[in-house]
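The values are calculated or read from the model by the stated rules, or taken from the named source; none is laboratory data. On a predicted model such as this, the values are computed, not experimentally measured, just so you know. When we count neighbours, we look across all protein chains shown, and the Cβ atoms used for this are built from the backbone with ideal geometry, even at glycine.
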Amino acid sequence: MNDLSIAAAGDLLDAMGLLRRTARRAVRQAWHQEPLPPAQSELLRLTVSRPGITVAEAAQELHVAPNTVSTLVSKLTAAGLLGRSRGAADGRTALLAATEQGRRRLAEYRDLRAELARRALAGLSTADQRALAAAVPALLRLAEGVGASDRAA
């Protein structure tokens, strides 16, 4: 679809942003813990998917400054959600990994969010449910494309 207007693209991003904010608010109301700030949550998810990642690698992956990652590491470590160890080749290099408590917290948040979304989806028509399910691969490609254009800028 090459005739998608800028307004339609903006509407799509607005709808996705509204969905994200609404989901976060719903989880906050239903969960017994305060959700992590988005930047901390992103770093914790990254360390779950890539245990042993360095601060510099995490900064590059998250598109933030290394000192920003260092601050996030300090907060997550103090909360018992993240561990750091020294690299074998270079003792100055910190290797990051989520703790069991950190992995459990992410899983609880993910599961609650998914359950709330499942309930909301159940209230939609079958056609809407199918359309949303079919849109997931395209949305992932869109996120990848937006991210690629962001890196090129």
Revision key, fill the gap. With criteria (1) modelled with pLDDT of 95 or more; (2) in contact with a helix residue (DSSP H, G or I) (Cβ under 7 Å, 6 or more places away or on another chain); (3) not aromatic (Phe, Trp, Tyr), residue 84 comes up short on (1)
Exercise for review: Just give me the residues in segment 28-41 being farther than 17 Å from residue 80 by Cβ, polar (S, T, N, Q) and surrounded by 14 or more Cβ atoms within 10 Å (Cβ to Cβ), in sequence order.
Suggested key: none
Point to revise | Answer from 13, 19, 72 - the residue that is in a helix (DSSP H, G or I) and touching a helix residue (DSSP H, G or I) at 6+ places or on another chain (Cβ under 6 Å) | key: 72
Study note, to complete from the structure: Selection over segment 42-57 where residues are in a helix (DSSP H, G or I) and either among the aliphatic types (A, V, I, L, M) or under 11 Å from residue 82 (Cα atoms) (or both) yields a count of 8
Check your understanding: over 30 Å from residue 135 (Cβ atoms) and either charged (D, E, K, R) or more than 14 Å from the chain's Cα centre (by Cα) (or both) - does that describe any residue in segment 36-52?
Key -> yes
Practice item. Taking residue 140 as the residue in question, decide whether it is in contact (Cβ under 8 Å) with a residue 40 or more places away in the chain and either assigned to a strand (DSSP E or B) or surrounded by fewer than 12 Cβ atoms within 10 Å (Cβ to Cβ) (or both). Key: no
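Rundown of residues vs (1) part of a loop (DSSP other than H, G, I, E, B); (2) in contact (Cβ under 8 Å) with a residue 60 or more places away in the chain, yes/no style:
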residue: 64; (1), (2): yes, no
residue: 76; (1), (2): no, no
residue: 84; (1), (2): no, no
residue: 90; (1), (2): yes, no
residue: 97; (1), (2): no, no
residue: 101; (1), (2): no, no
residue: 106; (1), (2): no, yes
